[in-house]
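Right, one structure below, let's go through it.
Here, each number is a calculation from the coordinates, and none is a lab measurement. This is a predicted model, so every value here is computed, not measured. Every residue, glycine among them, receives a Cβ derived from its backbone with ideal geometry; neighbour counts consider all protein chains shown.
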């Protein structure tokens, strides 16, 4: 009978531990958030927005023509917000590679020795080229501080739904 009581005691201790740690209310609340990001009063053409909550909880979304929607964003009184768009510049290296691939695909097709899927690959490469060119046109410089969670001046009270416009300033 003692082994049964001992097991019951271990079970009770484990259950108490789980209840104490699991019910501490430490979970970050989340909600869907939408809004606009402006740069010097005009919609930011393209970028990424990230809401940073407690204990590393974060959620991100894409900015297109100044508008964004982020699902399951952390909510609270001191949510840090980062905005960045430098990745749009990284497309320049990719663009050079895509253009090289396009020339190779066109060469295969012209030679008459192209594998069957080269025409599909060529079409996909041309579509990616078009997208990268458009992305490059949408880049505008914003201050690097907006992209770094430790330096961002954007600290907001977020409760979900439509939020006030986020105003950025140009800078280096």
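List of remarks:
- Selection within segment 68-79 - over 14 Å from the mean Cα position of the chain (by Cα) and either within 23 Å of residue 144 (Cβ to Cβ) or surrounded by 15 or more Cβ atoms within 10 Å (Cβ to Cβ) (or both): 75, 76, 78, 79
- Unique match (being free of Cβ contacts under 8 Å to residues at least 40 places away in the same chain and over 14 Å from the mean Cα position of the chain (by Cα)) among 48, 103: 103
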